[in-house]
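Asks: I have a structure here, written as structure tokens, and I will follow up with some questions on it.
Read-outs throughout are calculated quantities, based only on the coordinates presented, and are distinct from any laboratory measurement. Being a predicted model, the structure only gives us computed values, none of them experimental. No Cβ is skipped: glycine too gets one built from the backbone with ideal geometry, and neighbour counts run over all protein chains shown.
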Amino acid sequence: MKRTANLILALLAAIIMPLSAGASSAAARYNHGNELYKAGEYAKAAEEYNKAIEEGGANAMAYYNLGNARLKSGDLGRAVMAYLKAKELAPRDPDIEYNLDYARGLVKTQLPPLERGPFSKAFFWVLNLFSANGWTAIAAVIYWAAAAAGVWFAVSRGRGGKEAAKPVLYTLLALSAMALVFTAVRVKLDVLTPRAVILADKVSALSGPGDNNKVLFETSEGVEVVVGQCDQGWCEVSAAGGFRGWVKADSFERL
Amino acid sequence: MTRRISIFLLALVFPLMALADPAKLTVEADRTSVTVGERINLTVTLEGDGVKYGSPFQLPDLSPYLTLVGQRGPFSESSTTIINGRMERSAKVSITYQFEARKAGTIKIPPLSYPVENRTARSNPIEIAISDAVRPTVIEGDTGWRPPSDPYVRVELDKDEAYVGEQIVATVYLYYRNDFINPELAPIDTGTDFIESKLGYATSLDPKTETFGGERWKVAYLYSQALFPIKAGEALIRPVTFKYFVATGRRSFFGPVTEGYAVSSDPIKIKIKPLPVAGRPADFEGEVGSFDIKVTPSFGSLKANEQFKFTVSIEGTGHMDYISKPRFEPPEGFDLYTEGVEKDYLKDKGRAVGRRRFKMILVPHKEGKHVLPPFTLSYFDPESGQYKTAKSPGVRLMVSPGDKSSEPLPLAASEPEVISAVGADLRYVKPDLDEYDGSVGWLGYSPAFAAAQLAPAAAVLASIFLRRRKDKLRHDVAFARRLRANKESARAMREARAALAKGDSAQACADVYRALAGFVSDNLNLAEAGLTAAEVTDALLEAGASEEAVELTRELLGSCDMARFGLGEGTDARSIVDKGEALLARLAKETRQ
């Protein structure tokens, strides 16, 4: 019995130790990045933040600071990418929102802003309250609660018990459906949509893959696009305002 | 004879044919000679007795010479005429297609066809000559500059360099040769280098034609903005994006298909000079432009301690947000209060002009004739490059002795200072971390999380199953009895074993009988009371038990009957119990439903 317990403890330690070591190393990298940033060594700070993310996983603060360091070192496109990743993880953080807007304001090619109606605005306001993981967790919790209410309803004897369970069950089912919709949209936007940011200084979007096609519109570093099909080193991208065209695959980087 | 009949029939039919008005399809062009970039209208008309426009006219592919850019119609009209007592109805349908010439050459539009009842109407062919745009010779004043794209947005500034706070007028023009639809234009993004004021905009495109590099272009004014630089150095006027749509030449169910495009103006860098230090007045607070100060009314007659209300207006070319309150030192025995501030933005000769009005209250405490000192405002005049001071006329007051008990009315506090942004930068980095909390990705990709979501569904399904089973047990007696048959018979057999252990053979056999009879009655939903061996065997056969098992049951029940009533001398109770157990297992298997 004692031997088994020791074995379990050893296994747990083997699992946890590398994780905690990775986390502490990431924290050290992050803090060192802050020191370099404060010293004006923005490019080196960006490297440290990058390593922190590689070692410790995605973290909104690390991505935010990475965006700052990249922007300060003149890397506008990758700064926008970092802010977008930070916003995915912490959509309510006002600093991330502010700096992302600031970086977008520096993009040379300003695409027309999306115009939304009042319903759409309200929907996206609610949607932006939580990240994809946040909405997934909320949907899961409500789903579990709805399932518990379903069990309560199923096993209740007599009319009284079922009548009491019914409003709770229906409310939770409605909330579960709503949470599921928000989760699906958030996941579609953040996880499933192949987003990218233009990194080249100036890029012409053409009507097809190849230099001999007609120029449809011009983009520049920092423009956010969604990547579609790719062919022969070219990819079809679409930008805000309904613009769609083909650009070279090395002119952008996926999030 | 046959020939005569034929002639007679022809004579009969020809007039009838002449009476009928056959459907006629025509194609007309408003011009047969165009230059590249010009537009041409083709009108397709179908007319005749009872014609109906069903399927659309099938236009031939005219690319690359002509591209369909618009359509008007279909327009239909019908008329009824009575000639010599005979009523005639005719109908007419027409559609006008607008094409744009895209390539020089001669294009022959073949005859169009359109089905009308049992025949096909055919139109006339048309030939269109398309020539290249004629490049006029370079005229005087043509610098050779040519817009780099069509369309092209150009931002023009009224000066090449300016002082901090000096007004710069930016005017946005659109240069184009080919027409477009649904134009949209964003305002100049002044970023953090300027503050701006709108001057005017075009409500519709009103182009004038100009020649650039030997080509004729349309040039349209779009809008103008006044920009006021807020810091010295190199300021950037960012590109202005112009969005528009053009017809692709393709058609969909809803009409011609269009594609959206965008073009941006070139960014413009302008040098912003700092204000000179030399000659700067001590009371200078940053006003740049040309200003006048007026005071209304400039004369008043009142009693001591009464309020004299007047307005000080500053008007000039600077941005009104930069205008501070004019300097004024009230002499001893006078109190000055500011009641409110108003500002207006005006336009004069294409430039922004502002006016700021300070509503003031002066309370004299001593009688007599007074000429107050003027209100002054020091400013930098960028035209002359010098600091100047604007002065108002001095207010003249005739103050008579007042009621000594009268006190000045309580006044509102002076004008509050309004905070305004003077620059923008990134927000600072987030602080150091004690623990780094990193996530590995979306929760949905975690197998453990996904598997955990199955548990609630399984719990709901299990609870529904249990609920239904309970309900069935409650309402289906046969089902409930069948479920308990094995349990009850097993219990009776345990009791038989116990009786056997006590040496009570009669009781053991009675228990075996009860187990068998109970099993059969519960399993087959029969009334146990009064159940005879014959009924048991019939029921078992009906339930699917083999004849051998039924025979064994019948024998065992008989043996039990004999033994429990003490009639079976030498009956081996243990053997009966063993057989009973084996038989119950066999019956349970053979009668399983």
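Asks: Using the structure shown, list the pairs from A:Lys44/A:Lys85; B:Lys231/B:Lys430; A:Lys38/A:Lys72 with a Cα-Cα distance above 18 Å, or answer none.
Replies: On the way: A:Lys44/A:Lys85 20 Å; B:Lys231/B:Lys430 29 Å; A:Lys38/A:Lys72 11 Å.
Pairs exceeding the cut-off: A:Lys44/A:Lys85; B:Lys231/B:Lys430.
Asks: Can you list the HN-Hα couplings for region B:115-130, worked out from phi with the Karplus curve (6.51, -1.76, 1.60; θ = phi - 60°), rounded to whole Hz and with x for Gly and Pro?
Replies: Whole-Hz 3J(HN,Hα) from phi for region B:115-130: x, 10, 6, 9, 10, 10, 8, 10, 9, 7, x, 9, 10, 10, 9, 10.
Asks: Which residues in region A:112-154 place their backbone N less than 15 Å from a point set 7 Å from the Cα of A:Ala184 along the Cα-to-Cβ direction?
Replies: A:136, A:139-140
Asks: Relative contact order, percent, of chain B when contacts are C-alpha pairs under 8 Å separated by at least 6 residues?
Replies: On the way: 1138 pairs, mean separation 48.5, N = 593.
Reported relative contact order: 8 percent.
Asks: Output the Kirkwood hydrodynamic radius of region B:478-535, Cα pairs only, in Å rounded to one decimal. Provide the component values of the computation, followed by the final result.
Replies: Details: mean 1/r = 0.0868 Å⁻¹.
With all distinct Cα pairs of region B:478-535 included, I get 11.5 Å.
Asks: Can I ask one more? In degrees between 0 and 90, to the nearest 10, how far off the longest principal axis of chain B does helix B:533-542 point, with axes built from Cα atoms?
Replies: Between helix and principal axis, roughly 40 degrees.
Asks: Write down Rg/Rh for region B:220-371, rounded to two decimals, with Rg from the C-alpha atoms and Rh from the Kirkwood relation over Cα pairs. Don't jump to the answer; show the numbers that get you there.
Replies: Working: Rg = 25.7 Å, Rh = 20.7 Å.
Computed over Cα atoms, the ratio is 1.24.
Asks: A further question follows. Using the alpha carbon gyration tensor of region A:213-255, what are the three equivalent-ellipsoid semi-axes (square root of 5 times each eigenvalue), largest first, in whole Å? Write out the running numbers ahead of the final one.
Replies: On the way: eigenvalues 40, 34, 20 Å².
Semi-axis lengths for region A:213-255 are 14, 13, 10 Å.
Asks: Compute, for chain A, the length of the dipole vector about the Cα centre, with Cβ point charges of +1 (Lys, Arg) and -1 (Asp, Glu) only. Units Debye, rounded to 20. Walk me through the numbers on the way to the answer.
Replies: Details: 28 positive and 24 negative charges, 238 e Å.
Taking the Cα centre of chain A as origin, the dipole is about 1140 debye.
Asks: Over the C-alpha atoms of region B:22-68, what are the Rg and the largest Cα-to-Cα span, Dmax, in Å?
Replies: Final numbers for Rg and Dmax: 13.4, 40 Å.
Asks: Starting from one equal scatterer on each C-alpha and no solvent at all, send me the Debye-based log10 I(q)/I(0) for region B:141-208 at q = 0.12, 0.14, 0.24 Å⁻¹, two decimals.
Replies: Once normalised to I(0) and log-transformed, intensities are -0.44, -0.59, -1.28.
Asks: Please provide three numbers in whole Å: the alpha-carbon extents of chain B along the principal axes, with the largest listed first.
Replies: That works out to 151, 129, 55 Å along the principal axes.
Asks: While we're on this one: With no solvent and one point on each alpha carbon, what is the Debye value of log10 I(q)/I(0) for region B:283-334 at q = 0.15, 0.25 Å⁻¹?
Replies: For the requested q values the scattering log ratios are -0.56, -1.06.
Asks: Let me ask another. Treat each spin label as a single point 7 Å out from the Cα along the C-beta direction, and report the A:Ser238 to A:Arg254 distance in nm.
Replies: 1.7 nm
Asks: Could you size up the charge dipole of region B:176-266 around its Cα centre, putting +1 on the beta carbon of Lys and Arg and -1 on that of Asp and Glu, and report it in debye to the nearest 20?
Replies: Values: 10 positive and 11 negative charges, 66 e Å.
Using only the charged Cβ atoms, the result is roughly 320 debye.
Asks: Just checking the output field for A:144-154: average partner chain Cβ neighbours within 10 Å of each residue's Cβ?
Replies: Working: counts 5, 1, 2, 9, 3, 1, 7, 9, 1, 4, 10.
Average neighbour count from other chains, rounded to a whole number: 5.
Asks: Quick check: the angle from helix B:505-523's long axis to the longest principal axis of chain B, C-alpha only, nearest 10 degrees?
Replies: Roughly 40 degrees between the two axes.
Asks: How many nm is it between the label spots at B:Arg467 and B:Asp425, if each spot is 7 Å from the Cα in line with the beta carbon?
Replies: My value for the distance between the label points is 6.4 nm.
Asks: A further question follows. Show me the ranking of peptides A:192-205, B:459-472 by mean Cβ neighbours inside 10 Å, starting with the highest. Working shown, then result.
Replies: Values: A:192-205: 17.8, B:459-472: 13.7.
The packing order, highest mean first, is A:192-205, B:459-472.
Asks: Quick one: angle between helix B:573-590 and the longest Cα principal axis of chain B, in degrees between 0 and 90, rounded to 10, please.
Replies: Helix B:573-590 and the main axis of chain B meet at about 40 degrees.
Asks: Now a separate question. Hey, with R₀ at 41 Å, roughly what FRET efficiency would B:Asp206 and B:Gln386 work out to, going by the Cβ-Cβ distance, to 0.05?
Replies: On the way: r = 40 Å, r/R0 = 0.99.
Step by step, r from the Cβ atoms, then E = 0.50.
Asks: Shifting gears a bit: Using only the alpha-carbon atoms of region B:300-373, report the extent along each of the three principal axes, biggest first, to the nearest angstrom.
Replies: 48, 19, 19
Asks: Follow-up question, since we're still on this one. Using only the alpha carbons of chain A, determine the length spanned along each of the three principal axes and report them from longest to shortest in whole angstroms.
Replies: So the extents along the principal axes, rounded to whole Å, are 75, 53, 37.
Asks: Between their Cα atoms, which of A:Lys162/B:Lys487; A:Lys202/B:Lys269; A:Lys87/A:Lys188; A:Lys214/B:Lys269; B:Lys159/B:Lys198; B:Lys349/B:Lys388 are more than 27 Å away from each other? Don't jump to the answer; show the numbers that get you there.
Replies: Working: A:Lys162/B:Lys487 32 Å; A:Lys202/B:Lys269 18 Å; A:Lys87/A:Lys188 15 Å; A:Lys214/B:Lys269 30 Å; B:Lys159/B:Lys198 18 Å; B:Lys349/B:Lys388 23 Å.
Too far apart for the 27 Å limit: A:Lys162/B:Lys487; A:Lys214/B:Lys269.
Asks: Taking just the alpha-carbon atoms of region A:92-206, what radius of gyration and Dmax come out, in angstrom?
Replies: 21.2, 72
Asks: How big is D, in µm² s⁻¹, for region A:40-162 by Stokes-Einstein at 25 °C and 0.890 mPa s if Rh is the Kirkwood radius over C-alpha pairs?
Replies: Numbers: Rh = 17.4 Å.
Reported coefficient: 141 µm²/s.
Asks: Given the DSSP H assignment, sum -39500 (n - 2.57) over each helix run of at least 4 residues in chain B and divide by its residue total; what's the result at 222 nm in deg cm²/dmol, nearest 500? Don't jump to the answer; show the numbers that get you there.
Replies: Values: 8 runs with 136 residues, N = 593.
-7500 deg cm²/dmol, from helical runs alone.
Asks: Order B:42-49, B:163-170, B:152-159 from most to least packed using the mean count of other Cβ atoms within 10 Å.
Replies: On the way: B:42-49: 19.0, B:163-170: 21.4, B:152-159: 16.8.
Highest mean packing first, the order is B:163-170, B:42-49, B:152-159.
Asks: I'd like the mean, over residues of A:61-70, of how many other protein chain beta carbons sit within 10 Å of each residue's own Cβ.
Replies: Values: counts 7, 5, 1, 3, 4, 1, 2, 5, 1, 0.
For this peptide, the per-residue mean of nearby foreign Cβ atoms is 3.
Asks: Over the Cα atoms of the protein assembly as shown, what is the Rg over Rh ratio if Rh follows Kirkwood? Spell out each step's value before the answer.
Replies: On the way: Rg = 47.4 Å, Rh = 38.9 Å.
Reported Rg/Rh, Kirkwood definition of Rh: 1.22.
Asks: Further question: Just subtract the alpha-carbon distance of B:Ser131 and B:Val440 from 0.36 nm times their residue separation and send over the number in nm, one decimal. Don't skip to the answer; put the middle values down first.
Replies: On the way: separation 309, 0.36 × 309 = 111.24 nm, distance 6.46 nm.
Gain on extension, B:Ser131 to B:Val440, equals 104.8 nm.
Asks: FRET efficiency for B:Arg396 and B:Glu234, Cβ-Cβ distance as r, R0 = 45 Å, nearest 0.05?
Replies: Numbers: r = 50 Å, r/R0 = 1.12.
The value I calculate is 0.35.
Asks: Taking the Cα-to-Cβ direction at B:Thr43 and at A:Thr171 and moving 7 Å from each Cα, how far apart do the two end points lie in nm?
Replies: It is 7.0 nm.
Asks: Run the dipole for the protein assembly as shown about the Cα centre, Lys and Arg Cβ at +1, Asp and Glu Cβ at -1, nothing else charged, and hand back the magnitude in debye, nearest 20. Intermediate values should be presented prior to the final figure.
Replies: Numbers: 104 positive and 103 negative charges, 337 e Å.
The dipole magnitude comes to about 1620 debye.
Asks: Would you work out which of B:Asn118, B:Ala549, B:Ile270 lies farthest towards the positive end of the dipole of chain B? Charges go on Cβ: Lys and Arg +1, Asp and Glu -1.
Replies: Working it through, the farthest residue towards the positive pole turns out to be B:Asn118.
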